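Contents: one structure, followed by commentary.
Read-outs: derived from the displayed coordinates by stated rules, not from any lab. This one's a predicted model, so the numbers in the text were calculated from it and none came from an experiment. When we count neighbours, we look across all protein chains shown, and the Cβ atoms used for this are built from the backbone with ideal geometry, even at glycine.
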Amino acid sequence: MRGDSPTFSFEFFPPKTPAAAEILYQTIRDLESYTPHFVSVTYGAGGSTRDLTHDLVERIQHATKLDPIPHLTCICHNEDEVEAILVRYARSAIGNILALGGDRPRDIPYNKSRDSFQHAIDLVKFIRRFNESGAHPDRRGFGIGVAGFPEGHPATPNRLVEMDHLKAKVDAGADYIVTQLFFDNRDFLDFRERCALADIHIPIIAGIMPVTSMNGFKRIAELAGGARFPAKLLRALQRCENDPEGVRRVGVHFALEQCHDLLDNNVAGIHFYTLNRSDATRIIFDSLGIPRRRSAQTPTVQSSEEVRKRLAN
Ligand SMILES: Cc1cc2nc3c(=O)[nH]c(=O)nc-3n(C[C@H](O)[C@H](O)[C@H](O)COP(=O)(O)OP(=O)(O)OC[C@H]3O[C@@H](n4cnc5c(N)ncnc54)[C@H](O)[C@@H]3O)c2cc1C
């Protein structure tokens, strides 16, 4: 994470149906040749979707040349469960974990006071202790990422206090920050400056999600609570709201301009929220003119087909 050039990475979520799995495997096949620095896999609020995360992370680790980073959350977990997950990931030589508070479950009864970890910082400390125990095959243990919110997190309206919480996570051992999606780069750049003022000097990776449909756009507003949509983007979307292809082009173009500007401003990395689709990310990536990294081996068409088969088994 501490290299000179920016990192590029992709986020996936675990598919729940065989059809959705097929789409994801195709996406992984499409994106593998872009040699991202890592791909991350989200973590659900409970039950079987959590096993899907573990399985997908291990499949990516063993069947592809990608470096998967699992998300792990505090919600509905005790220490023994988290330790078992860390042991499993360590055995699979997973190198990094994104330690998060987690979204509240919507469809199961939930009592936060029963969780062993109240905030992401508790998870960061626990992973640090795990690292120190020497249980990871790499003596450095897991690298630890945490979340950052350029526009602020809805649960802490006091932005000074919020920055104190972020600083505490960093002091507890976080190695890098991945941000919530944002549409106005000024929010990200100002957040980065505020982090520097708070003595936070770890890499801050920008989360980018291209709008690809009007429905998707409305879902973003719902899920990424507090996300601010600049008038420039809204105006462009309004002009073509009845033309799905036009919406997609506007969304991709807007995200591309954001990426160019972030690169001009020496961003440490760009993390694409792919929603398990590759089209928008590929167009952006190709248009940025980023050379493929030589260190990761670019798979041939044949071997990527092999990858798809191995992922599916
Ligand atoms: C890059 C990224 C990936 C994500 N992936 C997932 C995922 O896979 N699964 C999922 O469920 N959710 C995911 N989320 C959503 C995230 O879990 C929620 O937004 C969550 O509410 C905040 O997570 P956090 O890690 O910042 O939590 P925390 O650091 O625990 O912060 C949550 C809130 O509590 C406050 N706080 C922190 N520490 C303290 C303290 N000591 N005392 C009082 N208040 C405190 C913070 O200011 C903040 O308002 C992701 C978010 C991002 C940005």
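Out of the residues in the range 96-133 that are small (Gly, Ala, Ser) and crowded, with 19+ Cβ neighbours inside 10 Å, state the one that is farthest from the ligand (Cβ to nearest atom).
ALA99
Would it be correct to say that VAL57 is away from the ligand (no atom under 12 Å from the Cβ), under 17 Å from the mean Cα position of the chain (by Cα) and closer than 28 Å to ARG292 by Cα?
No.
Identify the residue in the range 134-168 that is in contact (Cβ under 8 Å) with a residue 40 or more places away in the chain and among the charged types (D, E, K, R) and, among all such residues, is farthest from the ligand (Cβ to nearest atom).
Here the residue is ASP138.
Is it the case that VAL87 is in contact (Cβ under 8 Å) with a residue 12 or more places away in the chain, surrounded by 14 or more Cβ atoms within 10 Å (Cβ to Cβ) and among the aliphatic types (A, V, I, L, M)?
no
Condition first: crowded, with 21+ Cβ neighbours inside 10 Å and not in a helix (DSSP H, G or I). Now tell me which residues in the range 10-33 satisfy that.
PHE10, GLU11, PHE12, PHE13, PRO14
For residues that are in contact (Cβ under 8 Å) with a residue 60 or more places away in the chain and closer than 19 Å to VAL41 by Cα, scanning just the range 97-111, find the one that is nearest to the chain's Cα centre (by Cα).
The selected residue is LEU98.
Which members of the range 118-141 meet the condition of being part of a loop (DSSP other than H, G, I, E, B) and out of contact with any Lys or Arg (no Cβ under 9 Å at 6 or more places or on another chain)?
SER133, GLY134, ALA135, HIS136, ASP138, ARG139, ARG140
Specify the residue that is surrounded by the most Cβ atoms within 10 Å (Cβ to Cβ); the eligible residues are those in the range 220-241 that are within 20 Å of the chain's Cα centre (by Cα) and either free of Cβ contacts under 8 Å to residues at least 24 places away in the same chain or part of a helix (DSSP H, G or I) (or both).
Residue satisfying both the conditions and the ranking: ILE220.
Considering ALA206, ALA198, which residue is buried (at least 19 other Cβ atoms within 10 Å of the Cβ) and over 14 Å from LEU275 (Cβ atoms)?
One residue alone meets the criteria, ALA206.
Mind counting the residues in the range 242-273 that are surrounded by 14 or more Cβ atoms within 10 Å (Cβ to Cβ) and over 29 Å from ALA196 (Cα atoms)?
Number of matching residues: 8.
Given (1) closer than 24 Å to VAL124 by Cα; (2) outside any loop (DSSP other than H, G, I, E, B); (3) in contact (Cβ under 8 Å) with a residue 12 or more places away in the chain, where does ASP199 come up short, assuming only one miss?
Going through the list (1) closer than 24 Å to VAL124 by Cα; (2) outside any loop (DSSP other than H, G, I, E, B); (3) in contact (Cβ under 8 Å) with a residue 12 or more places away in the chain, ASP199 breaks only (2).
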